[in-house]
Each structure stands twice: as C-alpha cells, then as structure tokens.
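Q: If you scroll down you'll find the structure; I have some questions about it.
All of the numbers you see were taken from the coordinates with simple rules; none came from a lab. Values in this document were obtained by computation on a predicted structure and should not be read as measured data. Glycine gets a Cβ as well: all are built from the backbone with ideal geometry, and neighbour counts include every protein chain shown.
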Amino acid sequence: MNATLLTNRRQALTLLGATALTPWAVHAATPWPDTLRAARGQTVYFNAWAGSERINAYLQWVAGELQRDFGVKLQHVKISDAADVVKRVRAEKQAGRKDTEGTVDLIWINGENFAAMKRDGLLSAPFAPTLPNFQWVDTVGKPTTLVDFSVPTDGLESPWGMAQLTFFADAKRLPQLPQLPQSMGELLALARSQPGRITYPRPPNFHGTTFVKQALIEHAPDVKALAQPVTAAALEAQAAPLWRFLDALHPHLWRGGKQFPQNSAAQRQMMADGELLLALTFNPNEAANEIAAKRLPPTVQSWQFAKGTIGNTHFVAIPYNAPSKAGAQVVANFLLSPVAQARKADIDVWGDPTVLDVARLPAAERARFASAVRPGQLAQSAPALPEPHASWVDALEKEWTRRYGV
C-alpha cells in the first residue's frame, strides 16, 4: 500500500474509532472498543434491495473493507421488497424467537416498513446516536435523518443516504418551453400540449406512489394534516383535490392513462427510446449515472420543482432478534464513514447523496467529496418537502387502485 493510501486508511479508521458527540444518546451504550471486539468474527446478514448492479457492487466493496479492517463478514441477502423482511421478523416474534435467534441482522429500510417495525416492537434498542460516525450526520440541514415519513426515528435506525423526487428529460426532444415544468400544474399543461408522451409508474410501485404523494402535497387544503396518521375523514378531505387533478391529467397520459409503466426503469427506457418526454427518479444523480454508463445521451437534464419535491432519507436498522448486533453496529458505523459515504456519492459508483454535513468534516475527508459537475446532474437543488405520515401510503395506494387500477 502506498503512503497516500496508508494515510487515507489511517484517517478513515481514526474517524471510525472516534467518540460520538451527540446530545441525545438515549441509552447507556456499550463502549465502542468493546463493540468492535464483540463484532470480530461475526457474520452480518444484511437484507437489502438487490435491484441495482451498482448498489450490489458497492456492497461487495463494503464487505471487503469490513472483513479486512474489522473481521466482520457482511453477507448481502438480496431482496426485492423490505416489506417481506418485516413480515419475516414479525413471524419470528410471534413464534417466540428470542433476542438472538433471528435470521436478519441488518435491514435497509424506511417509510411504512420502519413505522411498522417500530410500532410492533420489532427493532433492537436505539443505537444510531451511539455510533462514532453519527457525529458527522447533518441533522440540521437534513432533518429527515431524524424523522422518517413523519415518524421520529428515536435512534432506532441509522441514516444511510438521501433521496428526492427528481425529473429528467432529453433537452433535444422537449418542445420549446419557457421553462421546464415547475409544478404539477405546469406538468398538466405540458401533458395537454403533448398528449401521450408523459406518464408515471403504476402504484404501488414506489416511484408511482411518490408521484401521487407529490401531487397530494401540492393540492391538499391543509398540508399539515398530512403529517398526522391518516383517517378516513382526513383522506376524504385532503385527497379530494388530488383525485380531481389526476382525473384531469390521466386522459392526456401515455395510452390515455389506461396503462402505466410497471416501474421507473421501464419509464426511463421509454424516455430513452423517445416514446416519452420525461422520466422520474428518487435519486437526484440517476440521470448522471445513466449518462456515465452511456445508457442516456449527455443532453439529458435533471430538475426539481421550484417550490420543492418530496425528499427523504433511507436508513439501516437492526431487528430485535439479530444474532450479530455488535457486527450490525460496526456495519452501520462504517456505512456512515466519510470514506464509505464519499464512494457511495461518486457518480461512477452509485451516486447516492450523502447524509453527512460535508462542511464539518476534517479537510482530508472533505476532499473526498470534491468532484466536477457531471452531465445530467442537477444544476440547483430545490427544497426537500417532508413525506406524509407513513400511514398515508397504503391508504393512497388502495384508493388509487380503486379509481384507476382496472
């Protein structure tokens, strides 16, 4: 290993071993050196979505780092839906599995799945604020690192990456517009002028539901009501303008709003083929990723609505019955390290925005995040709008399906 790499390695390990400086540690934590000793030799079964080759490759890199530096073996259990893992942990609890007899050590999670695990007592003791690298998390500028779909995390999950609804389109194929659509109202106007060339993924696909939630936020009479658990009365009052908007939009969509792409990848391909004008994503760097991989042309532009789009944080959490709790904490802490966060944010690796406050990092670690703006990256980020309470997801999806799913 050359001198520069050795220095970087030492800096990363120093940060990993630092003492967490957080004012809201919620329980007496095991001293970190003891956690490191307990974790050595453990295998951590990390249940994480496996629908991206880039993400899978990143986790392979993480596994190599953890094995070499901490003696922890990371096993990526590839899943398609975190809800299935929640059901498994719930079944284990109902079967009387004890605190070390589970099959899941760590889970990639957020939103309604976290809310369900928190509500049903399926999570381990609060651990996130006791991780040494939690001190670098931007809990002020990125408040969703502490609140997940309007549900306080209470230290039960550790932030991993940021996400925000983002649109992208090939500038060469767009009609002459004074500006890119900056609201759902302007998107409706574009759909009317370009019938059949705009659509969104079919809920309950995550991206499709996010599109619906964005429209809900823009049309709800009382946005504050969306932060509370949904009720039948609240759904009727707050969503009525949403359904009117979708009723107006759907006839102008691809195939008259009678069919929808199954997921965002299908929509992206339809845009790349020229069938659609635009696509959407929850990773602000996706278009730049695709351009770098030569799957989209460099003329593709990304943007967010001027007044903001829905944003959130994705997390990792430890089930109550994880056999390798110490190892899971070491994994979560490494995922928060500047070296791991910078690599994850790299367009050529994953392009997932960091949860860290980069400006507070030591100079050497801050430099890891310095990079030139790439084609397809956002020119300017818009405000991140908070997600509705997690309970709204199921209610919206069921009502959308009843109205438009046939």
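Q: Which of the peptides 172-179, 198-205, 321-328 is most tightly packed, and how do the rest follow, judged by the mean count of other Cβ atoms within 10 Å per residue?
A: Descending packing order for the listed peptides: 321-328, 198-205, 172-179.
Q: Can you spot the aspartates and glutamates whose alpha carbon is less than 17 Å from K93's alpha carbon? Ignore those fewer than 8 places along the same chain.
A: Filter leaves D84, E101, D105, D120.
Q: Taking amide H atoms as placed 1.01 Å from N in the peptide plane, list the residues 5 or more away in sequence, or in a different chain, whose amide H sits under 5 Å from that of V300.
A: A171
Q: If you don't mind, there's one more thing I want to ask. So what's the back-of-envelope 222 nm ellipticity for the chain, counting only DSSP H runs of four-plus at -39500 (n - 2.57) apiece and dividing by all residues, rounded to 500? Mind showing how you got there, number by number?
A: On the way: 14 runs with 157 residues, N = 406.
-12000 deg cm²/dmol, from helical runs alone.
Q: For an R0 of 22 angstrom, estimate the FRET efficiency from the Cβ-Cβ distance between T100 and N56 and round to the nearest 0.05.
A: Numbers: r = 28 Å, r/R0 = 1.27.
Taking R0 as 22 Å, the efficiency between T100 and N56 is 0.20.
Q: A further question on this structure: Mean-square fluctuation check for the chain, GNM, Cα pairs under 10 Å: which of S80, S124, S381 is largest?
A: The residue that fluctuates most here is S80.
Q: What is the sum of charges around G327, taking Lys and Arg as +1, Asp and Glu as -1, for the other residues whose C-beta is under 12 Å from the C-beta of G327?
A: +3
Q: Taking the Cα-to-Cβ direction at V77 and at S183 and moving 7 Å from each Cα, how far apart do the two end points lie in nm?
A: For V77 paired with S183, the spin-label model returns 4.6 nm.
Q: For the pairs K98/K213; K294/K325; K118/K344; K87/K213, note any where the Cα-Cα span goes beyond 30 Å.
A: Those over the limit are K98/K213; K294/K325.
Q: Taking Cα atoms of the chain, Rg/Rh with Kirkwood Rh, to two decimals?
A: 0.97
Q: With a sphere of radius 15 Å drawn around the Cβ of D357, what net charge do the other residues whose Cβ falls strictly inside it have (Lys, Arg +1; Asp, Glu -1)?
A: Details: positive: K142, R360, R366, R368; negative: D138, E365.
Net local charge, D357 excluded: +2.
Q: Would you calculate the separation in nanometres between label points at F206 and T299, each defined as 7 Å from the Cα along the Cα-to-beta-carbon direction?
A: In this crude spin-label approximation the distance works out to 3.2 nm.
Q: Quick one: grab the alpha carbon gyration tensor of the stretch 305-406, order the square roots of its eigenvalues as a ≥ b ≥ c, and give me rounded if a/c is under 1.5, else prolate or oblate depending on whether a/b is larger than b/c.
A: It is oblate, given that a/c is not under 1.5 and a/b is not larger than b/c.
Q: Hey, what's the Cα Rg ratio for the stretch 248-359 versus the globular rule of thumb, 2.2 N^0.38 Å?
A: 1.40
Q: Can you compute the modelled spin-label distance between A367 and D34, with each label point 7 Å from Cα toward Cβ, in nm?
A: 3.8
Q: I want the antiparallel fraction of DSSP beta bridges within the chain, as a percent rounded to 5. Please list the in-between numbers first.
A: Values: 22 of 33 bridges.
Bridges in the chain are about 65 percent antiparallel.
Q: Build a GNM of the chain with springs between Cα atoms under 10 Å: which of Q267, Q182, Q164 gets the top mean-square fluctuation?
A: Q182
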